[in-house]
Amino acid sequence: MDDLSLEILDQTIDKYEAKGKKIKKIRVGYKLYAKFMADQKFADEVINSALDPDKRSYRGIRVKITHDDYELTFLMKN
């Protein structure tokens, strides 16, 4: 899973937004989350988004950390 990067995450979010789809939540595996947190842009936005770790967000989308190593799932708004 070394091929997953913050750039791929941003591109995927942009593709959904271009199609007019709204993402409600991003589910990220704990190892992938650690990799994303190594990127200063991601870390700054997530850390500054909320004091409560359960309400953290990236680009206005809630981020949920999961027990799966490298999960990356997008939950859509209805």
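The values are calculated or read from the model by the stated rules, or taken from the named source; none is laboratory data. These numbers were taken from a predicted model, which means no experiment stands behind them. We place every Cβ from the backbone using ideal geometry, glycine too, and count neighbours over all the protein chains shown.
Tell me which residues, restricted to the stretch 6-32, are surrounded by fewer than 12 Cβ atoms within 10 Å (Cβ to Cβ) and without any contact (Cβ under 8 Å) to a residue 40 or more places away in the chain.
Hits for the stretch 6-32 are Glu7, Ile8, Gln11, Asp14, Lys15, Ala18, Lys19, Gly20.
Can you spot a residue in the stretch 33-48 that is over 17 Å from Phe74 (Cα atoms), of a type in the set (Asp, Glu) and in contact with a Lys or Arg (Cβ under 9 Å, 6 or more places away or on another chain)?
yes
Residue check, Asp3 against (1) assigned to a helix (DSSP H, G or I); (2) without any contact (Cβ under 8 Å) to a residue 12 or more places away in the chain; (3) acidic (Asp, Glu), all met but one. Which one?
Exception for Asp3: condition (1).
Which residue, of Lys35, Lys64, is part of a helix (DSSP H, G or I) and either surrounded by 10 or more Cβ atoms within 10 Å (Cβ to Cβ) or modelled with pLDDT under 95 (or both)?
Answer to the selection: Lys35.
Among the residues of the stretch 38-53, count how many are over 13 Å from the mean Cα position of the chain (by Cα), over 19 Å from Ser5 (Cα atoms) and not in a loop (DSSP other than H, G, I, E, B).
2
Please go through the stretch 6-32 and pick out each residue that is in a helix (DSSP H, G or I), modelled with pLDDT of 95 or more and touching an Asp or Glu at 6+ places or on another chain (Cβ under 8 Å).
Within the stretch 6-32, Tyr30, Lys31, Leu32 meet the criteria.
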